[in-house]
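These notes concern the structure reproduced below.
Throughout, read-outs are computed from the coordinates displayed, never taken from laboratory work. Source: prediction; values computed, not measured. When we count neighbours, we look across all protein chains shown, and the Cβ atoms used for this are built from the backbone with ideal geometry, even at glycine.
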Amino acid sequence: MEKAVGVIRVNAIDAESKKNVKKVNYIVKNIDTEELQKYLAISTEGIVYLNLFDSPLKYELEISAKGYEPQTIKLDSSSLDRVLNYMLTPVKKASVVIPVVAQDQLTKDLIPVFEVVSTNLKLTETKPYKVLLVDGDEIDVEIAAKEYQTYAKHFVVTDTLLNLSKLIIPLERKSYTFLLKSWEDQELTEHIQASYKVFDLETNTMLPLAFQGLFPMVELYPSKEYSIHVVANGYEPVITRFAPLNFIKNKQFSIDFILKKKKVIAKAEPNLVIQSKEFGVIEKGRAITLLNLYFDQSSPVLRKESFQELDSLVNLLRDNPSLKLEIRGHTDNVGDFNLNLKLSQDRCQSVIGYLVTKGIQADRLKAVGRGPLDPVVPNSTEENKKKNRRVEFIRQ
């Protein structure tokens, strides 16, 4: 009896490695009808069963496998009861060799010394590292560096990686070193020797300090917040909350404090009364008129004739360093009230300005313009009006 089925065994072989290719797909198609011969059995081992009643036998066998160029084979009667070996050519994959670079995740600074500890990276060079990336490959990148957290991540190589000029690996640093500095001025020119305490707000523990020359150093973590206490002799203490993250991103590793001097409270004079040759007894709250004080007409500009009187006031203040004065100005009632009020204030400021140029501290002096509010006599005559136009000082 004539056989109804013919058998062909097909082996798919890698053209480069010469090894059998696994997971191969086989499709049989009738050449004349271009119909798939679904009724033909094809085993996973590559055994093809053909219907021998087709006359003549004209079939095509398509062989395909992931990562290989597909093959099309014509089958006929001569192929029966044979083992056919077909070479599959691997698909050419895009690839690139690029350097591996490690950088600080926050500052973006390059990390000069690091180790690639991955086991499946195709390294072409080491120190500096270069890696071969092949399209479709799966790789595990693991990078270690001193003082940094180990980086570990799984990648599938795609066009995104293949188009890179370098493989940049961001490493997270465990902590950063900050210098603690205190200053007298915003320009940071006058350094102040201070003591510091730094507390971790999460654990409420005080951190140890190290020293680099004049400045203490402390190790801070970017994800935490801290409380910093600053104390210096003669200055107001400072307690501040500090989050280092933005400082690190801006590569600012100095924490600068501007300290304010403590206010010195002057001790009261042992005697309530101050005696002056020029001004007599100077008691608290008593107004003393500066008799020889002259200004330009309706102006706060001092005339030279006033300087001798003001120099006497300078001597009084120098001899009594704790003495504070209120400089009080008055006008007559002629003219606009608001203009007179402003004129009296401006004349007081002129007096204070002169005293300050002679070395008297401005915080010992206070200007008060009263305008026409406090006449000493009625403004009924020119002589009385002249008496009402005056500048006084009052001991505070």
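Considering only beta bridges that DSSP places wholly inside the chain, some 75 percent are antiparallel. Would you work out which of Tyr68, Leu313, Ile274 lies farthest towards the positive end of the dipole of the chain, given +1 charges on the beta-carbon of Lys and Arg and -1 on that of Asp and Glu, about the Cα centre? Looking along the dipole axis, the top candidate is Ile274. Rounded to the nearest 500, the 222 nm mean residue ellipticity of the chain from helices alone is -3500 deg cm²/dmol, with -39,500 (n - 2.57) taken per DSSP H run of at least 4 residues. Converting the Cα gyration tensor eigenvalues of the range 176-258 into ellipsoid dimensions via √(5λ) gives semi-axes, longest first, of 20, 15, 12 Å.
Pairwise Cα separations in the range 122-207 fall into 5 Å bins from 0 onward with the following percentages, short to long: 3, 9, 13, 15, 11, 9, 7, 6, 9, 9, 6, 3, 0. Average projection, convex hull of the Cα set of the chain: 42.3 square nanometres. Sorted ascending by nearby beta carbons within 10 Å, beginning with the fewest, Val28, Val356 become Val356, Val28.
Check Glu225: other-chain or 5+ apart residues with amide H under 5 Å from its amide H, H built from backbone geometry? Long-range HN contacts for Glu225: Leu201, Glu202.
Directionally averaged projected area (the range 225-366, Cα convex hull): 14.5 nm². By other beta-carbon atoms within 10 Å, ranking Glu305, Glu219 with the fewest at the front produces Glu305, Glu219. Projected over all directions and averaged, the alpha-carbon convex hull of the range 95-171 occupies 4.7 nm². For the chain, a Gaussian network of Cα nodes joined below 10 Å ranks Ala145, Ala232, Ala362 by mean-square fluctuation, and the top entry is Ala362. Over the range 117-162, all Cα pairs binned in 10 Å intervals from 0 give whole-percent P(r) values of 25, 53, 21, 1, listed from short to long. Taking a temperature of 37 °C and a viscosity of 0.692 mPa s, what whole-number D in µm²/s does Stokes-Einstein yield for the range 307-396 with Rh from Kirkwood over alpha carbon pairs? Stokes-Einstein gives a translational diffusion coefficient of 241 µm²/s.
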